[in-house]
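Below is one structure, written out as structure tokens, with a few remarks after it.
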Amino acid sequence: MYTKYPEANLIGRKLFALHYYAASERAILARIPKAIGRYRKIQESGLDIKRIPQRYLASYLGVRVETISRIRNKVVPLDYQLCS
């Protein structure tokens, strides 16, 4: 396929790089023992986690929805920390 379509090589390499980076980020998250630490890591990554439904975020972090609620109430928003 690469010989017939040379641009597929470039596209394939970029897709592989994106998947590799996402896998390495998930591996880093898996090493953080506490849910609040994992939540803060996602918060610092630049994602707008307020837009992610709680059930999906809870599943991604490996906790229950109730735990996400408690974490959100406990953690000071990142944008608030930057303003003060």
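The values are calculated or read from the model by the stated rules, or taken from the named source; none is laboratory data. Not measured: the values here are computed from a predicted model. So basically every Cβ, Gly included, is an ideal-geometry build from the backbone, and we count neighbours across all protein chains shown.
Among the residues of region 1-36, just one is small (Gly, Ala, Ser) and touching a Leu at 6+ places or on another chain (Cβ under 9 Å), namely Ala35.
Being closer than 24 Å to Ala23 by Cα, at pLDDT below 90, surrounded by 10 or more Cβ atoms within 10 Å (Cβ to Cβ) and among the aliphatic types (A, V, I, L, M) is a property that Ile49 has. Candidates are the residues of region 37-46 that are in a helix (DSSP H, G or I) and within 11 Å of the chain's Cα centre (by Cα); the one that is farthest from Ala58 (Cα to Cα) is Glu44. Based on what the data block shows, is Ala35 touching a residue at least 24 places away in the same chain (Cβ under 8 Å) and among the hydrophobic types (A, V, I, L, M, F, W, C)? For Ala35, the condition - touching a residue at least 24 places away in the same chain (Cβ under 8 Å) and among the hydrophobic types (A, V, I, L, M, F, W, C) - is met. Condition check for Ile42 on (1) surrounded by 10 or more Cβ atoms within 10 Å (Cβ to Cβ); (2) touching a helix residue (DSSP H, G or I) at 6+ places or on another chain (Cβ under 6 Å): one failure, at (2). For region 16-36, the set of residues classified as surrounded by 14 or more Cβ atoms within 10 Å (Cβ to Cβ) and in a helix (DSSP H, G or I) consists of Leu29, Ala35, Ile36, listed by residue number.
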